[in-house]
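S.K.: Handing you a structure now.
The values are calculated or read from the model by the stated rules, or taken from the named source; none is laboratory data. It should be emphasised that the depicted structure is a prediction, and the values quoted were computed from it without experimental measurement. FYI the Cβ positions are ideal-geometry reconstructions off the backbone, even for glycines, and counts take in every protein chain you see. Ligands, DNA and RNA are stripped out before the accessible areas are found, and what is left, the full protein with its side chains, is counted by its heavy atoms. Shrake-Rupley method; radii C 1.70, N 1.55, O 1.52, S 1.80 Å.
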Amino acid sequence: MSKRFSLSAIGHDQPGIVSAVTEILFRAGCNIEDSAMTILWGQFAMLLVVTPSDSTDLAGLRSEFARVSQELHLQLSLSELEETDKPEPKEPGVPYVVSVYGADHPGIVSRTTGYLAERRINITDLSTRVIQAKGPVYIMLLEVEAPRSLTEQQLKEELFALSQELKVDISVRRLESELL
């Protein structure tokens, strides 16, 4: 097997999930190129992009993952990636962190991400949480890449207008390259 593959795993959070999955990959001579892992409401989720060695046996990997899936009660999915799945190189945008805080209500994620999509702003990471203060407070943190043609001031002004519509606070901070 020479193509990259994606591996996703979802299940009740417990110690040892990452260790079990990555041990199988290590023994098979695979390299983890990209990953994201998180816990949401007690559910652990991981998504990996993996490069196998020339001698990696996909059937053997599937068998090992089936065993671990049963042991740890995980939903595991292994999919080969086509070279066409690889993102085309593009001119990098300007990186920003966008923070959204406000009373929890439907539409915050949809309206904010819709605004960003309309302006060709790419979301590279997004996380949300509801915390309890004097009532439920919704927090959304986004890392984005904006087109170079969009100035920081324009972005801040337009997001301020959106914040007024949504009745939330939205702040924007440019990420400096040394922080990445």
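S.K.: Measure off, as a whole percent, the carbon and sulfur share of the 1.4 Å-probe accessible area of the chain, all protein chains present. Each step should come with its number before you reach the end.
M.R.: Working: 5980 of 11410 Å².
Within the chain, the accessible surface is 52 percent carbon and sulfur.
S.K.: Counting pairs of alpha carbon atoms under 8 Å apart in space and at least six apart in sequence, what relative contact order in percent does segment 1-124 give?
M.R.: 32
S.K.: Another question, then. Quick one: grab the alpha carbon gyration tensor of the chain, order the square roots of its eigenvalues as a ≥ b ≥ c, and give me rounded if a/c is under 1.5, else prolate or oblate depending on whether a/b is larger than b/c. Could the numbers behind the result be given before it?
M.R.: On the way: a/c = 3.06, a/b = 1.65, b/c = 1.85.
In terms of gyration-tensor shape, oblate.
S.K.: So, with +1 on the Cβ of K and R and -1 on the Cβ of D and E, and no other charges, what is the size of the charge dipole of segment 78-175 about its Cα centre, to the nearest 20 debye?
M.R.: Values: 12 positive and 16 negative charges, 117 e Å.
In total the dipole reaches around 560 debye.
S.K.: Just to confirm, what accessible area per residue do you get for segment 1-155 at 1.4 Å probe, in whole Å²? Show your work: numbers first, answer last.
M.R.: Values: 9520 Å² over 155 residues.
For segment 1-155, the per-residue accessible area is 61 Å².
S.K.: Assuming R0 = 25 Å, can you tell me the calculated FRET efficiency for the pair LEU126 and ASN31, based on Cβ-Cβ distance, to the nearest 0.05? Before the final figure, lay out the partial values.
M.R.: Numbers: r = 26 Å, r/R0 = 1.05.
Result of the calculation: an efficiency of 0.40.
S.K.: Follow-up question, since we're still on this one. Nothing charged except the Cβ atoms of Lys and Arg (+1) and of Asp and Glu (-1): what's the magnitude of the dipole of the chain about its Cα centre? Round to the nearest 20 debye. Each step should come with its number before you reach the end.
M.R.: Numbers: 17 positive and 26 negative charges, 98 e Å.
So the dipole magnitude of the chain works out to roughly 460 debye.
S.K.: Helix-only estimate, please: 222 nm mean residue ellipticity of the chain, summing -39500 (n - 2.57) across DSSP H runs of length 4 or more and dividing by its residues, to the nearest 500.
M.R.: Working: 4 runs with 52 residues, N = 180.
Computed ellipticity for the chain at 222 nm equals -9000 deg cm²/dmol.
S.K.: Right, something else. How do SER8, SER163, SER35, SER55 stack up against each other in accessible area, from largest to smallest, with a 1.4 angstrom probe? All intermediate terms of the calculation are to be shown ahead of the outcome.
M.R.: Details: SER8 35, SER163 5, SER35 65, SER55 100 Å².
Per-residue accessible area, sorted high to low, gives SER55, SER35, SER8, SER163.
S.K.: While we're on this one: Using only the alpha-carbon atoms, how far is helix 17-27 inclined from the longest principal axis of the chain? Give it as 0 to 90 degrees, nearest 10.
M.R.: Computed tilt is about 50 degrees.
S.K.: I would also like to ask the following. For segment 81-180, what is the Kirkwood estimate of the hydrodynamic radius, computed as the reciprocal of the mean inverse distance between distinct Cα atoms, to one decimal in Å? Walk me through the numbers before you get to the answer.
M.R.: Working: mean 1/r = 0.0684 Å⁻¹.
14.6 Å is the Kirkwood radius here.
S.K.: Classify segment 136-180: rounded, prolate or oblate, from the alpha-carbon gyration tensor (a ≥ b ≥ c, eigenvalue square roots; a/c under 1.5 rounded; otherwise prolate if a/b is larger than b/c)? Before the final figure, lay out the partial values.
M.R.: Values: a/c = 2.95, a/b = 1.38, b/c = 2.13.
Cα axes put segment 136-180 in the oblate bin.
S.K.: A further question follows. State whether segment 1-106 is rounded, prolate or oblate according to the following rule on the C-alpha gyration tensor (a ≥ b ≥ c being the square roots of its eigenvalues): a/c under 1.5 gives rounded; otherwise a/b larger than b/c gives prolate, and the remaining case gives oblate.
M.R.: Details: a/c = 2.66, a/b = 1.25, b/c = 2.13.
Oblate shape, in that a/c is at least 1.5 and b/c is the bigger or equal ratio.
S.K.: If one takes the longest principal axis of the Cα atoms in the chain, at what angle in degrees, from 0 to 90 and to the nearest 10, does the Cα axis of helix 108-118 lie?
M.R.: Its long axis makes an angle of about 90 degrees.
S.K.: Let me ask something else about it. Excluding ligands and nucleic acids, what accessible area in Å² is computed for ASP125 using a 1.4 Å probe, to the nearest 10?
M.R.: Roll a 1.4 Å probe over it and ASP125 shows about 80 Å².
S.K.: Next up: Could you let me know the centre-to-centre spacing of segment 1-66 and segment 139-168, using Cα atoms, in angstrom?
M.R.: 35
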